[in-house]
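Asker: Got a structure here, written out as C-alpha cells. Questions coming.
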Amino acid sequence: MIEIKEPLKNLKKLEDAALACAQCGQCRTANWPSKGIFDSCPVYRTESVPKFEPFIARGKNVIMKGLLWGHLPLSQDISDVIFQCTLCGLCEEVCFNSQSENFDFPLHNIMDHVNVYEALRADLVEAGFAIESHVPMNKAMVDLLNPYERDNKEKINWTEELDFKIKDASKDDAETLYFVGCTSALTPQIQRVAIATAKIFNKLGIDFSVFGEKEVCCGSVAIRTGDRRSFEKILEENVKFFTDRGIKKIVTSCAGCYRTFKKDYGDKLNEIEILHSIEFLKNIIAERDVNLKKLDIKTTYHDPCHIGRHMGLYEEPRDVLKRISNLTEMKTNRAGAMCCGAGAGVRKGFPELSMEMAENRLKEAEETGAEYLVSTCPFCWRNLKDAIDSSGSRMKMVDLVELLLESMS
C-alpha cells in the first residue's frame, strides 16, 4: 500500500452521489418492462462471480459508505471486486432512487454510478491497488501511444488494403478527421471496420484525413481502469495535437473514443464537432438522398454501452439498419441492453468473466433467429466475435459500416 495524504480524494468529490444509495436492492433483480429492462447487472448474471452483494451496485455502494465513514481501508480485496464491473451503467438505469418518475425520493437524480465507481478506481490505483494486468497496458498507452504494446507505426497498415490515398492529418488539411482508434487500427480482424468506413467516405466524396502512426490513443482505457495520471497526459497531448492542426470535426468508428472525446475530455474539445461514424453517415445519406439497397438478411443490433446508455445514441444505428436489412430486436435493447463484457478493463483483467458475459449476450442474439449480430463498436465486435468462435455459433459478427458498404455497392 502506498502512503497518500488523501486516500479518497476522487471519491470525496462525488460523496453525495456515493452515499445516495437507499439500499433497496432493486439493482439485484430488476424487472422494468416499460423501459425494456428484464434483468440488472450483467456481471451478476454470470457464474464467474459469487452471488453476493459486492457484485451488484448495492453492495458496492455499501463498500463506499464503509470507506467514506472510515470503517474500511482501501485494499486489494476491494479493488478485485470494484474492477469486476464493466461500468456499463445498467444499474443506474434500473435504480428507482435516480430514475423513477413516480416517486419523489429525497436523493432523486443524485445517483451517478459510473462516475462514482471510476472515482473509486482512481483512488485504488493511486493507493497502489491497481489490477496487475492493467499496469503495462496503461504504460504502453503513454509510451507507445496505444494500449496494445504495439509499434504505433502499424496504425497505418490497414490503409494498404485501399485503392486510394488518404490525407495525412499531421500535414494535410481536410474537412473531417477520421479518428480510427487503437482497436480498429491495430487488430487485424477488426481493421475491416476502418477499411469499410474509409471506403464509404471515399464513395461519398468526404474530404477526410487520418493521423496514422501519429494517432494517439483517446485514453479511454486509462480513465476506465483508474489511471488518471496517464489519462491526463494523453488528454493534453491530443488536445494540443487537434488544436495545432486546426481540427474542426472528428468522426470515429469507436464507441469508446466517441464517449471519451465528447464526455471525458470535458470542455477541452468544445470547438470541435465530434460524431460517431454512424451518426455522421446517417446525416450525409439523408442530406444527399443516397440510394441504399435492401439486403436480404435478418439482423439484430447490440447497443454498445458507450454510445447507448452513456451517450443516448440508440435510434441512429437502427434507422440505418432498418433501411438495409430486416432488423429484429433482442429482448434487452437500448437502455436495458446487456453489456458485451469487454469494457472498463474487464476483458484484460478478468478474461473468463468477460467471455461469459459475451456468451450470455450471444445467446440472447441467437434467440432472435437473426443471421447477423451487428454492432457499432470495435471492442464489442471483438468480444462478441470471440464468443461466436468459442461457442461454435453460426451467427456472423459484423459492424454496421460493413453492411452499409455492401448496401451502397
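The values are calculated or read from the model by the stated rules, or taken from the named source; none is laboratory data. Please read all numbers here as calculations on a predicted model, not as lab measurements. For neighbour counting, all protein chains shown are included, and Cβ atoms are generated from backbone atoms with ideal geometry for every residue, glycine included.
Asker: Being in a helix (DSSP H, G or I) and of a type in the set (D, E) is the filter here; which residues of the range 191-236 pass it?
Answerer: E213, E232, E236, listed by residue number.
Asker: Can you tell me which residue among K363, K348 is without any contact (Cβ under 8 Å) to a residue 60 or more places away in the chain, surrounded by fewer than 24 Cβ atoms within 10 Å (Cβ to Cβ) and not aromatic (F, W, Y)?
Answerer: Being without any contact (Cβ under 8 Å) to a residue 60 or more places away in the chain, surrounded by fewer than 24 Cβ atoms within 10 Å (Cβ to Cβ) and not aromatic (F, W, Y) holds for just one of K363, K348, which is K363.
Asker: Can you pull out the residues in the range 116-147 that are in a loop (DSSP other than H, G, I, E, B) and either surrounded by fewer than 18 Cβ atoms within 10 Å (Cβ to Cβ) or aliphatic (A, V, I, L, M) (or both)?
Answerer: Residues satisfying the conditions are A127, G128, A130, I131, E132, S133, L144, L145.
Results for (1) in the same structural domain as Y372 (by TED's automatic domain parsing); (2) surrounded by 14 or more Cβ atoms within 10 Å (Cβ to Cβ); (3) polar (S, T, N, Q), shown as yes or no for each residue.
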residue	(1), (2), (3)
K262	no, yes, no
D303	yes, yes, no
G308	yes, yes, no
G312	yes, no, no
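Asker: Can you tell me which residue within the range 24-40, out of those that are in contact with a helix residue (DSSP H, G or I) (Cβ under 6 Å, 6 or more places away or on another chain) and either in a loop (DSSP other than H, G, I, E, B) or of a type in the set (F, W, Y) (or both), is modelled with the lowest pLDDT?
Answerer: G36
Asker: Please state which one of C257, C217 is in contact with a helix residue (DSSP H, G or I) (Cβ under 6 Å, 6 or more places away or on another chain) and either basic (K, R) or crowded, with 24+ Cβ neighbours inside 10 Å (or both).
Answerer: Of C257, C217, the one residue that is in contact with a helix residue (DSSP H, G or I) (Cβ under 6 Å, 6 or more places away or on another chain) and either basic (K, R) or crowded, with 24+ Cβ neighbours inside 10 Å (or both) is C217.
Asker: Turning to a different aspect of this structure: Among the residues of the range 26-52, write down those that are free of Cβ contacts under 8 Å to residues at least 60 places away in the same chain and either loosely packed, with under 15 Cβ neighbours inside 10 Å or farther than 17 Å from G89 by Cα (or both).
Answerer: The answer is T29, N31, P33, S34, P50, K51, F52.
Asker: Taking the criterion of being touching a residue at least 60 places away in the same chain (Cβ under 8 Å) and touching a Pro at 6+ places or on another chain (Cβ under 7 Å), would at least one residue in the range 102-125 satisfy it?
Answerer: Yes, because at least one residue in the range 102-125 is touching a residue at least 60 places away in the same chain (Cβ under 8 Å) and touching a Pro at 6+ places or on another chain (Cβ under 7 Å).
Asker: Now a separate question. Name every residue in the range 1-23 that is in contact with a Lys or Arg (Cβ under 8 Å, 6 or more places away or on another chain) and in a loop (DSSP other than H, G, I, E, B), in order of residue number.
Answerer: E6, L19, C21, Q23
Asker: For the condition among the aliphatic types (A, V, I, L, M) and either within 20 Å of E402 (Cβ to Cβ) or in contact with a helix residue (DSSP H, G or I) (Cβ under 8 Å, 6 or more places away or on another chain) (or both), what is the one hit in A185, A174?
Answerer: So the residue among A185, A174 that is among the aliphatic types (A, V, I, L, M) and either within 20 Å of E402 (Cβ to Cβ) or in contact with a helix residue (DSSP H, G or I) (Cβ under 8 Å, 6 or more places away or on another chain) (or both) is A185.
Asker: Further question: Go through the range 158-186 and give me each residue that's part of a helix (DSSP H, G or I) and either surrounded by fewer than 16 Cβ atoms within 10 Å (Cβ to Cβ) or modelled with pLDDT under 95 (or both).
Answerer: Passing the criteria: E160, E161.
Asker: Restricting attention to the range 1-25, and to residues there that are within 30 Å of N360 (Cα to Cα) and of a type in the set (A, V, I, L, M, F, W, C), which single residue is surrounded by the fewest Cβ atoms within 10 Å (Cβ to Cβ)?
Answerer: Looking at the filtered set, the residue picked out is C24.
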